[in-house]
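Notes to accompany the following structure.
The values are calculated or read from the model by the stated rules, or taken from the named source; none is laboratory data. The structure displayed is predicted, hence computed values, not measured ones. Cβ: placed from backbone, ideal geometry, glycine included. Neighbour counts: every protein chain shown. For the accessible areas, the whole protein counts, side chains as well, though only heavy atoms, and no ligand, DNA or RNA atoms are used. Shrake-Rupley method; radii C 1.70, N 1.55, O 1.52, S 1.80 Å.
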Amino acid sequence: MGIEFYDKVAKKFGGYGYSASPRHKSEYPAGEPEKVFKKKLLGLSSKNKIAIDIGCADGKFTLSIAPSFQKVYGIDTSKVNLDVAKSHSKDERSKNVEFSLQDASQASFENSFFDLAYCRRGPSYYKEYYRFLKSKGHYLEIGIGEKDTVELKKIFGRGQGFGKWDKSTLDENLKTLQSLGFKVIFAENYHYFEYYPSYEELDLFLQGVPIFEDFDSEKDRGSLQKYVKKFSTDKGIQLSRHRLVMVMQKVG
Ligand SMILES: C[S@@+](CC[C@H](N)C(=O)[O-])C[C@H]1O[C@@H](n2cnc3c(N)ncnc32)[C@H](O)[C@@H]1O
């Protein structure tokens, strides 16, 4: 995934997480994955623990959980996002947060440095995360599942993870993590729906997310119109979403 994409989005909307969130309603038949993730994370937090937010973007989430830890490091490869993060971390409450421009595939932290590492829809360099976690340390992730916005991608004929919808991302990730020496504490798929009130709101949403990094409101108008026609319901334009939540522990 291009660094340029996240810089571009942060420039346009003033940060990735801070970006204008298009209006939509959500329906969670089996629980809300973001809430599950945050609950698990806070359940493992402690004022004695040092944590890392991998792919922290503009640091909104990092700053929200920092009071529950001794210290939180946020790393990202997008300078524009980190500048936004730093601009939001000048007050007293965020003095235990440190943001730095780093590639998660080769971070500068020494072995066994962190008690806890987490990643919210960021990169998956699990070998590196295993290296910088302490023994018995936890790794938590909320990631994108293979079925995310599948109908939309089919109509567009492209997109993030295009065509890989029959292979379980959760199973693949767990296999990799276990082979490195992590044990599974919790692992779950979440399928849910979002409903957008109008074509314009869905278009705005697609401008700010990496579903199609090259999304172009003009060039993609035909495909989006086709989607809107097919998936309009009395609740709004339906988008099917898929997230996975994992809690792992480093053994050994
Ligand atoms: C989908 S965004 C999620 C941002 C944030 N965690 C959130 O939940 O809002 C993914 C983030 O991962 C960052 N990223 C991608 N590859 C990275 C890498 N190799 N090292 C560090 N950060 C990376 C991107 O710059 C981007 O900010």
**Message:** Quick check on the stretch 224-238. Is at least one of its residues of a type in the set (Gly, Ala, Ser), open to solvent by less than 30 Å² (accessible area, probe 1.4 Å) and either farther than 24 Å from Phe13 by Cα or more than 21 Å from the chain's Cα centre (by Cα) (or both)?
**Reply:** yes
**Request:** Answer yes if at least one residue in the stretch 141-162 is surrounded by fewer than 17 Cβ atoms within 10 Å (Cβ to Cβ), away from the ligand (no atom under 12 Å from the Cβ), farther than 24 Å from Pro210 by Cα and not small (Gly, Ala, Ser), and no otherwise.
**Result:** no
**Asked** What number of residues within the stretch 209-223 satisfy the criterion of being within 16 Å of the ligand (Cβ to nearest atom) and open to solvent by less than 50 Å² (accessible area, probe 1.4 Å)?
**Response** 5
**Prompt:** Out of (1) open to solvent by 60 Å² or more (accessible area, probe 1.4 Å); (2) in contact with an Asp or Glu (Cβ under 9 Å, 6 or more places away or on another chain), the odd one out for Lys175 is which?
**Reply:** (2)
**Request:** Report yes if some residue within the stretch 41-52 is open to solvent by 20 Å² or more (accessible area, probe 1.4 Å) and within 14 Å of the ligand (Cβ to nearest atom); otherwise report no.
**Result:** no
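Can you confirm whether the stretch 17-26 contains a residue that is closer than 18 Å to Phe205 by Cα and aromatic (Phe, Trp, Tyr)? Walk me through how you get there before you give the answer.
Filtering the stretch 17-26 down to residues closer than 18 Å to Phe205 by Cα leaves 17-26.
Filter once more, keeping what is aromatic (Phe, Trp, Tyr): 18.
Yes, there is a match, as at least one residue in the stretch 17-26 is closer than 18 Å to Phe205 by Cα and aromatic (Phe, Trp, Tyr).
Out of Gly55, Gly59, which single residue is more than 30 Å from Thr233 (Cα to Cα), touching a Gly at 6+ places or on another chain (Cβ under 7 Å) and without any contact (Cβ under 8 Å) to a residue 60 or more places away in the chain?
Numbers: Gly55 fails: without any contact (Cβ under 8 Å) to a residue 60 or more places away in the chain.
Answer to the check: Gly59.
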**Asked** Could you give every pair whose Cβ atoms fall below 9 Å, whose first residue belongs to the stretch 222-240 and is free of Cβ contacts under 8 Å to residues at least 40 places away in the same chain, and whose second residue is assigned to a strand (DSSP E or B) and polar (S, T, N, Q), counting only separations of at least 6 or pairs across chains?
**Response** Ser232/Gln238
**From the options Phe215, Phe205, Phe182, residue that is aromatic (Phe, Trp, Tyr), under 30 Å from Gly252 (Cβ atoms) and within 21 Å of the chain's Cα centre (by Cα)** = Phe182
**Request:** Could you tell me whether any residue of the stretch 84-95 is surrounded by fewer than 17 Cβ atoms within 10 Å (Cβ to Cβ) and either of a type in the set (Asp, Glu) or within 12 Å of the ligand (Cβ to nearest atom) (or both)?
**Result:** yes
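For the stretch 182-208, enumerate the residues that are among the aliphatic types (A, V, I, L, M) and surrounded by fewer than 18 Cβ atoms within 10 Å (Cβ to Cβ). Give the steps one after another, and end with the answer.
Looking only at the stretch 182-208, we keep the residues that are among the aliphatic types (A, V, I, L, M), and these are 184-185, 187, 202, 204, 206.
Hits for the stretch 182-208 are Val184, Ile185, Ala187.
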